[in-house]
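Colleague: Okay, here's the structure, questions in a sec.
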Amino acid sequence: MDEECSQLLPHVCGVLVDNRELMTDDAIYEKLLDWFKCLLGTVSAKELLDENPCIPGLFQQVLSIEEADHNLLAFSMRLVGVLAAQDGGFTYLMSHDVIQDMFGERIYTYDTWNDASIRRAWIQGLLSMVQHPEALHLLNTGGMIDTILKLLMDSSLFVASAVNDLVAHVFLMSVMLNGQSEMSRVPDLPPMALRILGHLEKLLNSIFSVSVTRSLKALTAIFRDCTDTMAEVLWSRIAGVLHSFLEQKPIQAAPHLEETLLAVTRFPALFNPEHNLWTVIHCALKSLSPVQAGSLAFGILKSKSCPQDLGLQAVCVLLQPLDYVLRTSATDLGQPGFLDELVSDPAMVENLLSKKTSCVSLLCQCLSHLTELCQKERLAMQIPHSSILSSLGLILYFCIGQAISSSPADSHLGRSLIGSLRVQKSALDAIGGLSPWPLTPQALKKTYNVLTAYLENPETDPTVLKKAFQASLKWLQAWHTSHEHRAEGRTFLQGLSPVIMKRLCSPSWEVRDTTLEFITNLAATDEEIAQVLSNAGLQQLILDLLKDPESYVRASAVTCVGQIMNNPRTSPANNSRSGEVLKCEDLVPNLMDILLHDTEGFPRRAVVKVFTDWLRKGHMENFQDWELVLAQILETSCNDLDWEVKMNALDLADVYISKILERGLSQSCPYTIGLPSSKNTVSLSDALRQCEGVGLFQALLSCLCDCDRPVALKACEILLTLKPRLCNGDNQSSDLHGRDWLEHAMKGQRSQAGAGDRQQRTEWATDVLKRIDLENIKCFLSKSSDYLHETPLSLLQDIKATLWGGEMHDADCY
């Protein structure tokens, strides 16, 4: 601890225990606790306590107050735990009776113990402290272990959750500190661990569901961090009880039973058949409700050691709701379903799907798991792809009222699903995820028909439409990579053009924006796929949206146009231009108008990004007077009020520098002698003059002085890369300057604007770069903008300041 902080700490402790309770902000205690934790990384707890007696004095004053402020008492408990985690700190605080009084029986008699936050802080303090044998011994001799085990049944879920971690930690620490981490039998466990295990077994065998739940949660926490050997021992004691739960109706604490089983499946030692782990899980998949069984199936399918037969059963559990949809509809050429084995009770699945809330929840869970697992080889190989897509299609048709009900069950599904945005979005995500699957032409056509129905439906919600566009894009990309189904994909693609044009004219700006995003992604996919964009009417609609009243749409239109122009085959034949192909250069006036006059930042950012992309791909170099255009872009964007526009302008500058200097380097590099050179190759000096011709150095130096720290930092990084080449290896000036000097130098240079040619301006920029300390500037800019205020000294000063403000002013701690 530095001297200033050490001098302030006694005053701070005085403020904390002031009877006027000046500290009312909980965050202050968190910041103080974080500071002490950082201190203990550099100094021992005993040394900290010896040098700062005000700390134990604070604890004693807090304990002397019969009804201490709850926030202060909770902070003190946690800080004592942090200090006592070290042997020296534990011994010191024990000798001053701080630990006994803070965590012993005395604290339970206070009315403050009724506050759940105090009980939770007590648990957190012990969790920090129990890191060595002395602290573990105190739990047993001081009677604290009894309180810990009682808190497992605490009425506060926050307390019960915290005590689960403490019980697991104490159990594992008692085994580790006794050197018995490789024990092979329960009797080998140390007394503390045996006591905890015995209490958990007692709760597990209780007739009360809440007791079983709390026991399972604590056991799950133990399994989360224990070793393979310890897991074998624990599993041998609880496997029989868990198996017996699965034979009961209803099953006690089913959700938590599923969590415990998933925690156990990560131990390879239990995969041995003698442990019956897979047998218990097999029984669980059949006995748990479809919701819990689905979560368990999803978890074990991610295990690489899951047996093949159990994996197949897990797949059946996950897909049974989709099978039910297909069975009840019986529309797929009389196909009754696609699962040979119905693992979950069919009546239970039917009951859940017959009620709106449970139907939506179960199907969303099923579809979410399917989306994540559809790329797994095991899942893809074991189910009929076409049947799954047929089921998804039925669900989506039900959601928009276009499915034909052929049974009472269909009617129930229709009433439950119609208008459900959750199911629609989940099903469309699933369909998009299934695009790589091999399918028949008939199945492909059905899938495209479903997507078309959603894209054409005027009542499709904008968020659902976005999902439909995303799924369509994935299927079109899959069609492009496969030569087998080009006809179906091309037919679908051709039918999209009128749909897209209609959506671009939607009164909803979200729909227009989503449609533009889809067109942009489509144009970036491939020239052949993007041929649909050659429609002149579609192109004109996109150009018109550059003047849309909504800024998000204008920005998306800019990005869309930029991407379309990247693809020469999709450049439209514009009727207003007498059939001439529209080029990137033709759009420059429109884009510059946005950059100069648009009042919102999003479109301006998009414009600079488009120009950067065109420059990178070589389109801008085909412009007439392209360097003049680039100079205007840099001058405008580097003076923009939006810092992200300036960041994008620096990206543009970086791309230009790379292109120009690569040409200059190619001629100066000795290894290129004798190799054919590009006709565009220029010398390094010519390259630098070109940079100056577009105002590059002025832009970079201006951004280096910018008040937005990220802009200045990025400019500094570019200049650091540029400096060795620009200065041509000359030695740096011995007297280096900072940004203040640079601002003054730039003002002087601007006052002489117009004087001199490019060569003189380049020499000026070279001279300036030699004389500014870029390394030091970068170091300064890399620090957080508020680093001067987020210091321990600032924190302590603010807390002390409240002493003079009394109750009228609280601490303004960073």
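Colleague: Return the distance in nm (one decimal) between the two label points of a simple spin-label model at Ser236 and Met176, each offset 7 Å from Cα along Cα→Cβ.
Modeller: Placing both labels 7 Å beyond Cα along the Cβ direction yields 2.3 nm.
Colleague: Suppose R0 equals 30 Å. What FRET efficiency, 1/(1 + (r/R0)^6) with r the Cβ-Cβ distance, do Glu66 and Ala27 give to the nearest 0.05?
Modeller: E(calc), rounded to 0.05, equals 0.70.
Colleague: Hey, another quick one. Search the structure for amide H atoms under 5 Å from the amide H of His737, placed 1.01 Å from N in the peptide plane, and list their residues when 5 or more places away or on another chain.
Modeller: For His737, the qualifying residues are Ile772, Asp773.
Colleague: First compute the accessible area of segment 54-122 with a 1.4 Å probe, then give the percent of it belonging to carbon and sulfur atoms.
Modeller: Carbon-and-sulfur percentage of accessible area, whole number: 45.
Colleague: Here's a follow-up. Could you tell me the calculated FRET efficiency between Lys302 and Glu4, based on Cβ-Cβ distance and R0 = 45 angstrom, to the nearest 0.05?
Modeller: 0.25
Colleague: A further question on this structure: Label points 7 Å out from Cα along the Cβ direction at Ser156 and Asn590: separation in nm?
Modeller: Reported label-point gap for Ser156 and Asn590 is 6.2 nm.
Colleague: A follow-up question, please. So for the pair Ala524, Thr141, with labels modelled 7 Å out along Cα→Cβ, what separation do we get in nm?
Modeller: Rounded to a tenth, the inter-label distance reads 6.7 nm.
Colleague: Please calculate the 1.4 Å probe accessible area of Lys46, with all protein chains present, and give it to the nearest 10 Å².
Modeller: Only protein atoms counted, so the area is about 100 Å².
Colleague: Work out how much length Glu763 to Glu459 would gain on full extension: take 0.36 nm times their residue separation and subtract the Cα-Cα distance, in nm to one decimal.
Modeller: Additional length available on full extension: 103.0 nm.
Colleague: How would His137, His96, His132, His275 rank on accessible area, largest to smallest, probe 1.4 Å?
Modeller: Reading off the accessible areas and sorting them downward yields His137, His96, His275, His132.
Colleague: Could you work out how much longer the chain between Gln402 and Phe208 gets when fully extended? Use 0.36 nm per residue separation minus the Cα distance between them, nm to one decimal.
Modeller: 65.1 nm
Colleague: A further question on this structure: Gain in length, Met501 to Cys283, computed as 0.36 nm per residue apart minus the alpha-carbon separation, to one decimal in nm?
Modeller: Gain on extension, Met501 to Cys283, equals 73.0 nm.
Colleague: Note down the accessible area of Thr371, probe 1.4 Å, to the nearest 10 Å².
Modeller: Counting only protein heavy atoms, Thr371 exposes about 50 Å² to solvent.
Colleague: Another question, then. To the nearest 20 debye, what is the magnitude of the charge dipole of segment 1-94 about its Cα centre, counting +1 on the Cβ of each Lys and Arg and -1 on the Cβ of each Asp and Glu?
Modeller: Charge dipole of segment 1-94: 220 debye, to the nearest 20.
Colleague: Using a Förster radius of 41 Å, what is the FRET efficiency between Glu341 and Arg490 based on their Cβ-Cβ separation? Nearest 0.05, please.
Modeller: After rounding, the FRET efficiency stands at 0.55.
Colleague: Let me ask something else about it. Of Tyr552, Tyr448, Tyr108, which has the most accessible area and how do the rest follow, probe 1.4 Å?
Modeller: Order by accessible area, largest first: Tyr552, Tyr108, Tyr448.
Colleague: Would you mind counting up the charge near Thr514? Only other residues with Cβ under 14 Å from its Cβ, with Lys and Arg at +1 and Asp and Glu at -1.
Modeller: Within the 14 Å Cβ shell, the charges total 0.
Colleague: How about segment 195-254: which GluC sites (Glu not before Pro) there are in a DSSP loop, with at most 16 other Cβ atoms within 10 Å of their Cβ?
Modeller: Glu247
Colleague: Oh, and also: Would you tell me the accessible area of Arg709, worked out with a 1.4 angstrom probe on the heavy atoms of the protein chains, in Å² to the nearest 10?
Modeller: Only protein atoms counted, so the area is about 80 Å².
Colleague: On a 1.4 Å probe surface of the protein chains, which of Lys714, Lys723 comes out largest in accessible area, and what is the full order?
Modeller: Result of the area sort, largest leading: Lys714, Lys723.
Colleague: If you take every residue apart from Gln292 with its C-beta less than 13 Å away from the C-beta of Gln292, what net charge results, scoring Lys and Arg +1 and Asp and Glu -1?
Modeller: -2
Colleague: Also, I was wondering about something else. Which links in Lys37/Lys202; Lys445/Lys617; Lys286/Lys466; Lys217/Lys302; Lys446/Lys617 stretch past 28 Å when you go from one Cα to the other?
Modeller: Lys37/Lys202; Lys445/Lys617; Lys286/Lys466; Lys446/Lys617
Colleague: Same structure, new question: Pairs to check: Lys714/Lys783; Lys723/Lys778; Lys304/Lys425; Lys474/Lys583. Give those whose C-alpha atoms are more than 21 Å from each other in this structure.
Modeller: In this structure, Lys304/Lys425; Lys474/Lys583 exceed 21 Å between Cα atoms.
Colleague: A follow-up question, please. Counting only heavy atoms of the protein chains, get the accessible area per residue of segment 60-127 (1.4 Å probe) and round it to a whole Å² value.
Modeller: 39 Å²
Colleague: Something else now. Can you tell me which of 554-564, 255-265 comes out highest on packing, and rank the rest after it, using the mean Cβ neighbours within 10 Å?
Modeller: 554-564, 255-265
Colleague: So what's the net charge close to Ala471: Lys and Arg +1, Asp and Glu -1, counting the other residues with Cβ under 12 Å from its Cβ?
Modeller: +3
Colleague: A further question on this structure: Which trypsin sites (Lys or Arg not before Pro) in segment 160-229 sit in a loop by DSSP (not H, G, I, E or B) and have at most 13 other Cβ atoms within 10 Å of their own Cβ?
Modeller: Counting only loop positions with at most 13 other Cβ atoms within 10 Å, the trypsin sites (Lys or Arg not before Pro) in segment 160-229 are Arg185.
The values are calculated or read from the model by the stated rules, or taken from the named source; none is laboratory data. The shown structure was predicted, so the numbers you read here are calculated from the model rather than taken from an experiment. Cβ coordinates were reconstructed from backbone atoms using ideal geometry, including for glycine residues, and neighbour counts include every protein chain displayed. The protein model used for the area step is the full one, side chains on, heavy atoms only, and it has no ligands, DNA or RNA in it. Shrake-Rupley method; radii C 1.70, N 1.55, O 1.52, S 1.80 Å.
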